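The values are calculated or read from the model by the stated rules, or taken from the named source; none is laboratory data. On a predicted model such as this, the values are computed, not experimentally measured, just so you know. No Cβ is skipped: glycine too gets one built from the backbone with ideal geometry, and neighbour counts run over all protein chains shown.
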Amino acid sequence: MISTYHDLLEQVLRLPLQDRGTLAALVIDSLDDACESLSQEELNREWEAELQERLEAYRSGRAKGIPLQEVVRRLSEPLDDR
């Protein structure tokens, strides 16, 4: 059994490209299905709550930011190097 998110991610990233794409599409579809049952107002409230939680985590030190240069560097790496 997969014990953590990171274990799952490692296994998924080892899949062939075609399988990863299929899996990604299925996950995205499941998010679309979940969101379709919410009104725009409910979605906005959910996003607002998420943003507030992330901001509080950052301000309290529970989460840390990543400098823009590091983000750009990581996004510039080929996927195989991640």
Report task. Please find, within the stretch 1-11, the residue that is farthest from the chain's Cα centre (by Cα) out of those that are of a type outside the set (Gly, Ala, Ser) and exposed (fewer than 11 other Cβ atoms within 10 Å of the Cβ). Result -> MET1
Report summary line: Residue pairs qualifying under the 6 Å Cβ cut-off, at least six apart or on distinct chains, with the first in the stretch 53-82 being free of Cβ contacts under 8 Å to residues at least 40 places away in the same chain and the second being surrounded by 11 or more Cβ atoms within 10 Å (Cβ to Cβ) and of a type in the set (Asp, Glu), are none
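Considering ALA49, ALA25, ALA34, which residue is at pLDDT 95 or above, loosely packed, with under 11 Cβ neighbours inside 10 Å and part of a helix (DSSP H, G or I)?
ALA49
Take the conditions β-branched (Val, Ile, Thr), part of a helix (DSSP H, G or I) and surrounded by fewer than 11 Cβ atoms within 10 Å (Cβ to Cβ) and apply them to VAL72. Does it pass?
yes
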Requested in this report: Using the structure shown, decide if ARG14 is of a type outside the set (Gly, Ala, Ser) and surrounded by 10 or more Cβ atoms within 10 Å (Cβ to Cβ).
Outcome: no
